[in-house]
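The values are calculated or read from the model by the stated rules, or taken from the named source; none is laboratory data. None of these values were measured; they are calculated from a predicted model. Ideal geometry is used to build each Cβ from the backbone, glycine not excepted, and the neighbour counts take in all protein chains shown. The area values use the complete protein model at the heavy-atom level, side chains included, leaving out ligands, DNA and RNA. Shrake-Rupley method; radii C 1.70, N 1.55, O 1.52, S 1.80 Å.
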Amino acid sequence: MSGARTILPGATIGVLGGGQLGRMMALAGTNLGYRFVTLDPTPDAPCGQVARQITAGYGDIEAARQLAAQADVITYEFENVDAGVAAALASESYVPQGSELLYTTQHRLREKRAVEAAGARVAPYAAIGSEADLRAAASRFGVPCVLKTATGGYDGKGQWVVRSGSDEELAEAYKTLSAAGTELVLEQFIHFDKELSVIAARSPRGEVKAFPVSENVHADNILHLSIVPARIPQEVQAEAERLAIRIAESLQVVGLIAVEMFMAKDGELFVNELAPRPHNSGHYTMEACLTSQFEQHVRAICNLPLGDTELLTPVVMVNVLGEHVEPLLARMGGDDEAAKKLGVTPKVHLYGKHEAKSKRKMGHINLLTKDVQAALAWVEQTNIWRSQNDD
């Protein structure tokens with residue numbers, strides 16, 4: 001079915017994917033009066049703990065049709081949903097995000113071309129179809145440069161940082177990544193000063209709003225901290241938000257789009273990646289903004305007026321990985337003297353995952369504060385993240 005429509009509270013929202021993003025989306029949307037049903041292969045998935053769940057694989061078209069039969073509108077919570085399933089659902093139910101955005105953002109080369117078409121810069125890149133292509137492009141870009149699979153890959157997976165540019169290293173990099181059976185892309189390395197992201201929302205009625213810029217710190221290729229306000233010049237903040245809005249409009253996004261960027265030392269911005277969904281770097285909005293990214297996503301896909309994105313308080317979001325759960329829970333049982341002393345209010349969000357695996361995202365904490373340095377000091381002093389404190 002096609003054509004934008006307004007989906008009012010009381011309706012049921014179907015979510016392809018039952019992870020933590022779906023869970024937080026359902027919690028926010030339930031407050032507005034919506035019901036939720038999710039499709040996920042893991043029994044009792046995080047979203048399934050707060051919504052009805054259909055337990056089946058993402059490529060199971062019959063299960064997807066069952067989801068459609070129970071839902072008035074369908075969305076997705078991660079971009080590796082089978083685009084064919086999304087396309088089939090769009091033909092027989094209401095999927096306001098469509099499948100075209102998935103098709104674009106699931107492939108790095110298509111994504112980069114779309115970003116360039118929107119008038120934003122990306123790092124110089126080359127499509128790699130052979131080891132000879134890789135040698136030629138690496139010679140052109142110099143080292144370091146980054147070889148990536150065009151599809152799949154997250155949290156640093158599906159990437160190889162080429163450091164020496166030797167024939168041996170290039171041969172090994174090509175052999176390793178080409179084994180995935182997907183196209184490859186080589187990117188020139190940007191010597192950046194900051195990693196930034198902006199979450200923008202757009203509704204079918206064409207309304208667009210951006211959240212404040214997040215300054216992101218990674219450890220082991222996994223997001224560790226998001227700092228808001230970002231510690232960058234005001235004019236760079238404004239330009240980053242403009243870029244995110246321009247991309248949302250150019251791609252005719254419905255729902256959220258996360259635009260990840262590098263800020264070079266001269267303040268120039270390069271778009272690195274897009275994610276057409278709520279994003280880890282937007283979790284700070286849950287307490288720190290007038291409207292959370294999850295409520296905004298629900299508003300956008302349901303064609304309600306978008307909420308105000310004003311920042312209410314400085315905030316640092318810190319991820320809780322599997323190895324952090326035990327020390328965090330032990331800390332939660334007692335008084336937090338460091339928080340009192342530093343004037344920091346920790347807001348803990350745990351996702352309900354059954355197994356706390358190392359490097360697996362199990363939750364996050366939003367540290368509300370008058371000064372982000374105090375929140376960063378709290379992270380340091382707790383020693384929960386001691387292996388990442390130097391990042």
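A few comments on the model shown:
- Accessible solvent surface per residue of the range 21-127, calculated while the other protein chains remain in place, 1.4 angstrom probe, Å²: 38
- Take every pair of alpha-carbon atoms less than 8 Å apart whose residues are at least six positions apart; their mean separation over the length of the chain yields a relative contact order of 14 percent.
- For the chain, carbon and sulfur atoms together expose 47% of the accessible surface, with a 1.4 angstrom probe and every protein chain in place.
- Solvent-accessible surface of the range 155-227, averaged per residue with a 1.4 angstrom probe and all protein chains in place: 42 square angstrom.
- With protein chains left intact and a 1.4 Å probe, residues in the range 251-391 average 40 Å² of accessible area per residue.
- If you sort E337, E260, E111 by accessible surface, 1.4 Å probe, largest first, the order is E337, E260, E111.
- Considering helices alone, the calculated mean residue ellipticity of the chain at 222 nm is -9500 deg cm²/dmol, with DSSP H runs of length four and up weighted by -39500 (n - 2.57) and normalised per residue.
- For the range 284-391, the relative contact order works out to 30 percent when only alpha carbon pairs closer than 8 Å and six or more residues apart are counted.
- Peptides ranked, highest mean first, by Cβ atoms within 10 Å: ranges 165-176, 183-194: 183-194, 165-176
- The range 103-177, dipole about Cα centre (Lys/Arg Cβ +1, Asp/Glu Cβ -1), debye to the nearest 20: 320
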